[in-house]
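> Shown below is the structure under consideration.
None of the figures in this text is laboratory data; all of them are computed from the coordinates on show. A quick note: this is a predicted structure, and the numbers were derived from the prediction, not measured.
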Amino acid sequence: MPNDIHQFLQRYRDAFNALDGAAVARLYAIPSGIAQDRQYTHWSSFEPIRSNMEALCEQYRQRGYVRADFEPGAFVPQGDDHAVVDLKWTIEWSTGADPWKFGTTYNLVRTDTGWRVLLCTAYSEARLHRARGG
């Protein structure tokens, strides 16, 4: 994985570790979207991205979020301006609960302001929310 993409993903993780939903949202392309639970949500402007990420950060805060980290998985370069990366996430909780371990795939696009998430495919985190009453 190229260093600039790895640095982008670290900024993404750091925004979540600060529980700063607006900062997370600024790392998404406009338009962009998320696929999860057999559904696709399309965001055509910044505001719904920000609202979604702030709500997610609030859920994490209420659950006792401490921090997240990732291990890079598969990486597929797609020319100079696109890439797909799969990350294996671990979230630690202050409650003593077992860490969450799940995967998420990101379709990235290079913009005038750097790399951004074009599509987030949250393919396993939702089951953790359901299993733990979230």
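> Per 5 Å bin, what percent of the C-alpha pairs of the stretch 61-130 does each bin hold, from zero upward?
4, 15, 21, 21, 16, 11, 8, 4, 1
> Residue separation times 0.36 nm, minus the C-alpha to C-alpha distance between residue 44 and residue 124: what's the value? Working shown, then result.
Details: separation 80, 0.36 × 80 = 28.80 nm, distance 2.45 nm.
Taking 0.36 nm per residue and subtracting the Cα distance, the gain is 26.3 nm.
> Averaged over every viewing direction, what's the projected area of the C-alpha convex hull for the chain? Give it in nm², one decimal, please.
Numbers: hull surface 30.8 nm².
Taking a quarter of the hull surface, the average projection is 7.7 nm².
> Also, I was wondering about something else. P(r) tail for the stretch 1-41, what percent of Cα pairs lie past 14 Å? Display every interim value, and only then the final one.
On the way: 478 of 820 pairs.
More than 14 Å apart: 58 percent of the Cα pairs in the stretch 1-41.
> Under 8 Å for C-alpha pairs, at least 6 residues apart: give me the relative contact order for the chain, rounded to a whole percent. Could the numbers behind the result be given before it?
Working: 233 pairs, mean separation 30.5, N = 134.
That works out to 23 percent.
> If you build a Gaussian network model of the chain, linking Cα atoms that sit under 10 Å apart, which residue out of 111, 121, 90 swings the most?
Per the Cα network of the chain with a 10 Å cutoff, 111 tops the list.
> Just from its helices, what would the mean residue ellipticity at 222 nm be for the chain, if runs of 4 or more DSSP H residues each count -39500 (n - 2.57) and the sum is divided by every residue, rounded to the nearest 500 deg cm²/dmol?
-10000 deg cm²/dmol
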